[in-house]
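Report on one structure; see the data block that follows.
The values are calculated or read from the model by the stated rules, or taken from the named source; none is laboratory data. As the structure is a prediction and not an experimental result, all values here were calculated from the model. When we count neighbours, we look across all protein chains shown, and the Cβ atoms used for this are built from the backbone with ideal geometry, even at glycine.
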């Protein structure tokens, strides 16, 4: 909960043609081992980083630094030696910028914000985006900021909800801003909102209907860039240049919680949500996407699964139940294994290994294999509630809990 991270209880939100025609994820100038935005460099939860230590001493790897950022479930963005995340305290949200190596606060910026504790603790749910020399942040109530990454200077700011009249969904706006060429695309309105990244001026907007909680996911089709966006009743593909709709898949989840980002693989698209809804694989063609299979064996309420070597890995179940970590075959939906008691945590993948943070703060490493979940290292890094996806960047794993306790776990090779 792009974690994007959305965080909710059972009756509330619990804080993503031909295969040859499909190309995903615009190039990012950040360093190869950075993690500049939600779900990482390729927006799929996978890091190409290999120079990190996967064998740990009995008491776990060293904690490089700790911090307290305030209530919330925002994940991290890491680029150019800086780490940013969000938290809430005393009627304010704060964007924190830390030195990645030492944890020293480089700068921070606070602004008034409601707690928004409807059926859950409240606090921040969306994740900042780092792009070039800037950091982009969208609050749950529509406050949008562009900061200078090095100093925290506000380049521009506005409240997009007040300007557009788009309704605030039940648990506020969430996801992470998508920076694409000259645009910043937000999950606001029926099918997104695009701002000029230099000025904040509206380039296009969609109908005044409830947004969902996913992060806009870019894809290229027939030479045209599109974004996949979850709203309260559907997942919609829109043209990035003008916001015009290409197609939509009707997808009804209880309370409008379409929170997990879609997962793309060539001309196939996987959509999955919680509250008992489950998932489905679709084939993209000339018209509306065609369903290939459906399942209730995987129900990702907040954090999307990760697709790796033709298999899906993710948390199945809602926050009110003891969610399990599961592996499914992407082509068929068949369940390959289940690891009970994982909770509403999240996984990423690096160097062929699952980097998994359980719902109670245990950090685990295991081969990403359909043959079973076989941890090779594990350590308790946090207490409390951990619904936020971890981040691995430049040999450090960043984790947080709902209280806003942050740890940087040092897994660099000597």
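Assigned to a loop (DSSP other than H, G, I, E, B), out of contact with any helix residue (DSSP H, G or I) (no Cβ under 7 Å at 6 or more places or on another chain), modelled with pLDDT of 95 or more and buried (at least 17 other Cβ atoms within 10 Å of the Cβ), is that true of residue 127? Break it down stepwise before answering.
Details: assigned to a loop (DSSP other than H, G, I, E, B): yes; out of contact with any helix residue (DSSP H, G or I) (no Cβ under 7 Å at 6 or more places or on another chain): yes; modelled with pLDDT of 95 or more: yes; buried (at least 17 other Cβ atoms within 10 Å of the Cβ): yes.
So residue 127 fits the description; yes.
Could you list, in sequence order, all residues of the stretch 75-100 that are part of a loop (DSSP other than H, G, I, E, B) and more than 25 Å from residue 179 (Cβ to Cβ)? Walk me through it before giving the result.
Just the residues of the stretch 75-100 that are part of a loop (DSSP other than H, G, I, E, B), to begin with: 75-76, 80-81, 90-91, 100.
Residues satisfying the conditions are 90, 91.
When residues of the stretch 340-358 are filtered for being farther than 19 Å from residue 49 by Cβ and either in contact with a helix residue (DSSP H, G or I) (Cβ under 6 Å, 6 or more places away or on another chain) or crowded, with 21+ Cβ neighbours inside 10 Å (or both), how many remain?
First, pick out the residues of the stretch 340-358 that are farther than 19 Å from residue 49 by Cβ: 340-345, 358.
From the residues that got through so far, the ones that are either in contact with a helix residue (DSSP H, G or I) (Cβ under 6 Å, 6 or more places away or on another chain) or crowded, with 21+ Cβ neighbours inside 10 Å (or both) too are 342-345, 358.
Going through the stretch 340-358 one residue at a time, the tally reaches 5.
List every residue pair whose Cβ atoms sit under 8 Å apart, with the two residues 6 or more apart in sequence or on different chains, where the first one lies in the stretch 131-159 and is on the phi > 0 side of the Ramachandran plot and the second, anywhere, is surrounded by fewer than 16 Cβ atoms within 10 Å (Cβ to Cβ) and part of a loop (DSSP other than H, G, I, E, B).
132/29; 142/168
Just one of (1) buried (at least 18 other Cβ atoms within 10 Å of the Cβ); (2) within 25 Å of residue 112 (Cβ to Cβ) trips up residue 179, so point out which.
In the conditions (1) buried (at least 18 other Cβ atoms within 10 Å of the Cβ); (2) within 25 Å of residue 112 (Cβ to Cβ), residue 179 misses (2) alone.
Specify the residue that is farthest from the chain's Cα centre (by Cα); the eligible residues are those in the stretch 326-346 that are in a strand (DSSP E or B) and within 21 Å of residue 43 (Cα to Cα).
Going residue by residue through the stretch 326-346, those that are in a strand (DSSP E or B) are 326-329, 335-339, 346.
Next, only the ones that are within 21 Å of residue 43 (Cα to Cα) stay: 326-329, 346.
Details: 326: 19, 327: 19, 328: 20, 329: 22, 346: 10 Å.
Residue satisfying both the conditions and the ranking: 329.
Residue by residue through the stretch 263-284, note down the ones that are part of a loop (DSSP other than H, G, I, E, B) and within 17 Å of residue 331 (Cβ to Cβ).
Just the residues of the stretch 263-284 that are part of a loop (DSSP other than H, G, I, E, B), to begin with: 266-267, 274-277, 284.
Matches in the stretch 263-284: 266, 267, 284.
Test residue 366 against the stated conditions and say whether it is under 16 Å from the mean Cα position of the chain (by Cα) and assigned to a strand (DSSP E or B).
Working: under 16 Å from the mean Cα position of the chain (by Cα): no; assigned to a strand (DSSP E or B): yes.
No, not satisfied.
Just to be sure, is residue 396 within 20 Å of the chain's Cα centre (by Cα) and under 18 Å from residue 65 (Cα atoms)? Spell out the reasoning first.
Details: within 20 Å of the chain's Cα centre (by Cα): yes; under 18 Å from residue 65 (Cα atoms): yes.
Criteria met by residue 396.
May I ask you to say which residue of 259, 227, 246 is part of a strand (DSSP E or B) and surrounded by 19 or more Cβ atoms within 10 Å (Cβ to Cβ)? Before the answer, list the steps.
Details: 259 fails: part of a strand (DSSP E or B); 246 fails: surrounded by 19 or more Cβ atoms within 10 Å (Cβ to Cβ).
After applying the criteria, what remains is 227.
Give the number of residues within the stretch 101-122 that are in a strand (DSSP E or B) and at positive phi.
If we filter the stretch 101-122 for residues that are in a strand (DSSP E or B), which is where we start, we get 105-112.
Filter once more, keeping what is at positive phi: none.
Residues meeting the conditions: 0.
For the stretch 49-72, how many residues are farther than 19 Å from residue 109 by Cβ and assigned to a loop (DSSP other than H, G, I, E, B)? First the steps, then the outcome.
Narrowing the stretch 49-72 to residues farther than 19 Å from residue 109 by Cβ: 49-66.
Narrowing further to those that are assigned to a loop (DSSP other than H, G, I, E, B): 49-51, 53-62.
Residues in the stretch 49-72 being farther than 19 Å from residue 109 by Cβ and assigned to a loop (DSSP other than H, G, I, E, B): 13 in total.
Could you list, in sequence order, all residues of the stretch 39-48 that are at pLDDT 95 or above and either surrounded by fewer than 11 Cβ atoms within 10 Å (Cβ to Cβ) or assigned to a loop (DSSP other than H, G, I, E, B) (or both)?
39, 40, 41, 42, 43, 44, 45
In the stretch 135-197, which strands (runs of 3 or more DSSP E) lie fully inside it and hold 1 or more residues that are within 21 Å of residue 43 (Cα to Cα) and touching a helix residue (DSSP H, G or I) at 6+ places or on another chain (Cβ under 9 Å)? Walk me through it before giving the result.
Numbers: elements: 143-148, 154-159, 178-180, 183-186, 193-196.
Ranges flagged: 183-186, 193-196.
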